[in-house]
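Below is one structure, written out as structure tokens; the observations come after it.
The values are calculated or read from the model by the stated rules, or taken from the named source; none is laboratory data. Predicted model, so just to flag it, every value in this text is computed and none were measured. Note that we place each Cβ from the backbone using ideal geometry, even for glycine, and neighbour counts take in every protein chain shown.
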Amino acid sequence: MGFFDIVAAAMPWSESEAEAVSGGSSTVSTPANSGGKGEGEAKDPSGPTPDDKDEGGDEGEEKEDGGEKEEEEEEEEEEEEELVDPKETFEEECKESKACAPVKHHFEECVERVTGNTDSKAPHEDCVEEFFHLAHCANQCAAPKLWAALK
Amino acid sequence: MLARSRLFVGAVRNAAVNTTKRAASTSAEAASPFKLNAAGTAATAVAMGSMAWYYHLYGPELHAMTPVEEGLHPTKYPWVHAQYTKTFDHQALRRGFQVYREVCASCHSLSRIPYRSLVGTVLTVDEAKAMAEENEYDTEPNDEGEIEKRPGKLSDYLPSPYKNDEAARAANNGALPPDLSLMVKARHGGCDYIFSLLTGYPEETPAGAVVPEGLNFNPYFPGTGIAMARVLYNELVEYEDETPATTSQMAKDVVEFLNWSAEPEMDQRKKMGMKVLVITSALFALSVWVKRYKWSPVKTRKVVYAQPQMGGRRGH
């Protein structure tokens, strides 16, 4: 397409390539949609395609039921579904990943301990530190994926 | 001849003495290394001991701060504009300015940025003029000494949301929303910190964490209690280039914009750095060739030793 594409092709480690690896599971990326801007060209994992499918399904239901209220509700649902912050989805994925399993385990254990401990006169404890470790792990893992997904 | 013979006699005499001494010392040789090395060993032991003692006294760093007080260190994100040969993405700057104007500007000033500097980097001239004219600024005193209001010009600075810091505090429960002009330079972690802060508000505070009244939990803010609540939500802004306005997209854009506002010279600076490299490498190459040229007579000189002619007495 242009100079940047040649550059991108010459550098397999460039970001445009990294996107493809980490592309969200729900993404159906069509090359026609992608513009001509070499790097940072990424599909949001919550791209329009899955939503469009949902829309179609909902419309079908709507016709059966009829009624404007249903429509409004459907619109609200649409708005909720339309945009999912890729950061959250990636971080959720990362929290479930094997690498973050130990810290997640620690955090959950701490939450259980602290929430279960409210009655006794035990010294005050919080799970902030455990939360930090978990958040750090998840962010570290999600950062490159997120940057590939954002414009 | 005489002196030589005398030396020889002395040597013989000495040799006789030496052999007896050597014979005597061989018995003590087993014990001698310790004696010889005792001072060195002791000095080394003292030196090592003093190091150990120093480490014991001052070595381990004292961490008076809890992790909570320090705050969660931001993750490093692979910012494209931070690379040596990359510029700001001006489309992102434009989006970021939109986010600033529609979201941040209600509390945060950007007082060091005039409209003129937005021209050509973020806005077109006409857009910037129109935007400046939306605000009123004080005029110079007129003939009666009255100060009137006039519409803004390109040379005016972006208006601040509050008249002064006190007004800002009064409106924000005692907390002062800082000016954002240089914020990327003013905080540890720079872009990463601000991005993490904007997107890092967890859905629920971790169990047991105490958040004071009027504050919000944010792991990246030192102390975790921040007066600013989460402001960025999906689709808060509608981008003109139809980029999906997710929370992280808006945060990324506004952070890049704030980096521009802190370092508007960045693109030029990198270009200048490239120029410096080009010119110095060219000059170095030139100097290599000049040196070669200047040294060529020296390098190609041949020094020949011609044995002096000793005339007829050569065969002596």
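Across the range B:194-203, the qualifying residues are those that are in contact with a strand residue (DSSP E or B) (Cβ under 9 Å, 6 or more places away or on another chain) and part of a loop (DSSP other than H, G, I, E, B), and the one among them that is surrounded by the most Cβ atoms within 10 Å (Cβ to Cβ) is B:201.
Filtered by the rule that a residue be more than 9 Å from chain A (Cβ to nearest Cβ) and in contact with a helix residue (DSSP H, G or I) (Cβ under 8 Å, 6 or more places away or on another chain), the range B:242-252 gives a lone residue, B:250. Looking across the range A:82-98, just one residue is within 14 Å of another protein chain (Cβ to nearest Cβ) and exposed (fewer than 14 other Cβ atoms within 10 Å of the Cβ), and that is A:92.
So which residues in the range B:260-281 are in contact (Cβ under 8 Å) with a residue 60 or more places away in the chain and not in a helix (DSSP H, G or I), if there are any at all? Passing the criteria: B:263, B:264.
Residue check: residue B:222 meets all listed conditions (1) closer than 29 Å to residue B:133 by Cβ; (2) touching a residue at least 60 places away in the same chain (Cβ under 8 Å) but one, namely (1). Scanning the range B:195-217 for residues that are over 21 Å from residue A:147 (Cα atoms) and within 11 Å of chain A (Cβ to nearest Cβ) turns up B:203, B:204, B:205, B:206, B:207, B:208, B:209, B:210, B:211, B:217. When the range B:119-137 is filtered for residues that are of a type in the set (D, E, K, R) and either in contact with a Cys (Cβ under 9 Å, 6 or more places away or on another chain) or not in a loop (DSSP other than H, G, I, E, B) (or both), the ones remaining, listed by number, are B:126, B:127, B:129, B:133, B:136.
Here is a yes/no grid of residues against (1) part of a loop (DSSP other than H, G, I, E, B); (2) touching a residue at least 40 places away in the same chain (Cβ under 8 Å):
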site	(1), (2)
B:233	yes, no
B:238	yes, no
B:243	yes, yes
B:253	no, yes
B:283	no, no
B:297	no, no
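Filtering the range B:253-271 to residues that are among the aliphatic types (A, V, I, L, M), away from chain A (no Cβ under 13 Å) and crowded, with 24+ Cβ neighbours inside 10 Å leaves only B:258. Assuming residue A:127 fulfils every condition listed in (1) more than 7 Å from chain B (Cβ to nearest Cβ); (2) within 29 Å of the chain's Cα centre (by Cα) apart from one, which condition is it? Here residue A:127 meets the rest and fails (1). Looking only at residues in the range A:99-124 that are more than 7 Å from chain B (Cβ to nearest Cβ), in a helix (DSSP H, G or I) and among the aliphatic types (A, V, I, L, M), the one that is farthest from residue B:205 (Cα to Cα) is A:101. You will find that of B:98, B:83, the residue that is within 26 Å of the chain's Cα centre (by Cα) and within 14 Å of chain A (Cβ to nearest Cβ) is B:83 and no other. Every condition in (1) without any contact (Cβ under 8 Å) to a residue 12 or more places away in the chain; (2) under 27 Å from residue B:269 (Cα atoms); (3) part of a loop (DSSP other than H, G, I, E, B) is met by residue B:140 except one, and the failing one is (2). Among the numbered criteria (1) touching a residue at least 12 places away in the same chain (Cβ under 8 Å); (2) in a helix (DSSP H, G or I), which one does residue B:287 miss? All conditions pass for residue B:287, except number (1). Among the numbered criteria (1) more than 11 Å from chain A (Cβ to nearest Cβ); (2) assigned to a loop (DSSP other than H, G, I, E, B); (3) at pLDDT 95 or above, which single criterion is violated by residue B:191? Going through (1) more than 11 Å from chain A (Cβ to nearest Cβ); (2) assigned to a loop (DSSP other than H, G, I, E, B); (3) at pLDDT 95 or above one by one, residue B:191 breaks only (2). If you check B:206, B:222, B:178, B:159 for being assigned to a loop (DSSP other than H, G, I, E, B) and buried (at least 20 other Cβ atoms within 10 Å of the Cβ), only one passes: B:206.
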